[in-house]
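Here's the structure, in structure tokens; my notes come after.
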Amino acid sequence: MALTRNPDVLLISRCPPYPTYLGDRLIPYHLAQQLAQRGYQIDLLAFYQQPEDLADVPYYERFFYDVTLLREPLRSPASLLARAFVPTRRFPARRNQSWSPEMWDAIRQKLQQRRVYQLIHLFGGVHVYEFRDLLGNYPTVITPYESYALYLERLLEQTRNPRRRLLLRAQLAMARRYESWMYEGYGRVVVVSDKDARTLRDLSPGLPVVVIPNGVNLDHWKPTDYEAEAPVLLFTGNFDYLPNADAARLLIRQIFPQVQQAVPEAELWIVGHNPPRDLCAAQGNGVHVTGRVPDLRPYFERAMLFTSPLRLGAGIKNKILEAMAMRTAVVATPLSCDGIEVTHGENVFLARRANEFIKATLRLIQDAPLRRQIARGGRALVERQYTWRRVTDLYEALFEQVAREHRR
């Protein structure tokens, strides 16, 4: 049975859908915006982490029929271990077994108030999976966004400290155990890249995983005809996120000094939320660290290249999509492009190691025709495949498919 014209959807989210400079909030924000324009009536139940989250509700409440925010609960190590190793405790059957009895009550109240939700969409992993049995006979889709086990695997590969490696191995073992059963019973499990999907399928064979990428708002990320002439390199991100801080350090300490040696007038701009002290201290001699700025677009406009030497992380990288949308030529590691169907030399220039990254950066600084080709190819790629309209088309088709299957 397909969804009706004005379907009611309950969204249970690990976080509010704002601010969108926190990348994990882009999906609930833009998906809700697009679905609301298509006539969906969506109720939002979301955990919040900071008091400021409560003040941000006016930025997105127009997309929802009703909004309820609840403080995210603490999850003790003992409770995490108990669920990991005692199968009967994996999925709570009652409110007092849940990490968040308050969310349990809020969900149950919503289900009692509404005559029917045509679908329930959960956004998050360990934060929201536990409500599966409470949702009863409703069709469900859960979007964990990425595999946390894959994230930890990559972090372990780059970690040399023996004590840190020991801790990461324990965390990885726990993540793999959880992801081997955590999404059982859901109609579909949505991640943003094939590599995340492959990890989840390896851990839980038969899991109904589908890949739906992120998108870009092309009305916002819209380039002018300005072409940068100065050799300015740009990297953006939320630097509370370890992979972004690691990449910025690699740029500042290893890559940019070699680029600047060959091109003395080169500059490196590190732009984004909450850079750590060591990054801020690196300012000078062509390096600029701004912190969060109200609008990233001017920085993309004046950048000759967007440089993304990410070595860590999982999921899809919104910064790559934004750079492509702004028609800024991209030099990136393959990991930076997970979930994006890029072609080396056509819409991105790929480099695996630091020395390759330096050579690629210098080549694109010196080769304007190739740089323009990659910039144009990047914009064309996002226009074809990575708009929020297309992402919402994929989600809407998935919702209808899950609803039909559930009805049968």
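Answer yes or no as to whether Leu26 is assigned to a strand (DSSP E or B) and not small (Gly, Ala, Ser).
no
Ala247 - would you say it is in the same structural domain as Leu310 (by TED's automatic domain parsing), touching a residue at least 60 places away in the same chain (Cβ under 8 Å) and small (Gly, Ala, Ser)?
yes
Given the criteria touching a strand residue (DSSP E or B) at 6+ places or on another chain (Cβ under 9 Å) and over 28 Å from Gln385 (Cβ atoms), does Ile252 qualify?
yes
Taking the range 244-262 only, how many residues are more than 27 Å from the chain's Cα centre (by Cα) and either surrounded by 18 or more Cβ atoms within 10 Å (Cβ to Cβ) or modelled with pLDDT under 95 (or both)?
2
Give all pairs with beta carbons closer than 6 Å in which a residue from the range 58-79 that is more than 12 Å from Pro17 (Cα to Cα) and in the same structural domain as Gln97 (by TED's automatic domain parsing) meets a residue that is assigned to a helix (DSSP H, G or I) and acidic (Asp, Glu); count only pairs at least 6 apart in sequence or on separate chains.
Between residues of the range 58-79 that are more than 12 Å from Pro17 (Cα to Cα) and in the same structural domain as Gln97 (by TED's automatic domain parsing) and residues that are assigned to a helix (DSSP H, G or I) and acidic (Asp, Glu), the close pairs are Leu70/Glu102.
Are any of the residues in the range 139-149 within 30 Å of Asp246 (Cβ to Cβ), in a helix (DSSP H, G or I) and among the acidic types (Asp, Glu)?
No, because not a single residue in the range 139-149 is within 30 Å of Asp246 (Cβ to Cβ), in a helix (DSSP H, G or I) and among the acidic types (Asp, Glu).
Tally time: how many residues in the range 348-362 are modelled with pLDDT of 95 or more and under 20 Å from Ser193 (Cα atoms)?
Looking only at that region, the number is 4.
For the range 229-236, state whether one or more residues are closer than 29 Å to Asn274 by Cβ and exposed (fewer than 15 other Cβ atoms within 10 Å of the Cβ).
Looking for residues that are closer than 29 Å to Asn274 by Cβ and exposed (fewer than 15 other Cβ atoms within 10 Å of the Cβ), one finds at least one in the range 229-236, hence yes.
Within the range 29-44, how many residues turn out to be touching a Lys or Arg at 6+ places or on another chain (Cβ under 7 Å) and either in a helix (DSSP H, G or I) or outside the structural domain of Phe63 (by TED's automatic domain parsing) (or both)?
1
The values are calculated or read from the model by the stated rules, or taken from the named source; none is laboratory data. Just so you know, these numbers come straight off a predicted model, no measurement behind them. Because the Cβ atoms are built from the backbone with ideal geometry, glycine has one as well, and the counts that use them run over all protein chains shown.
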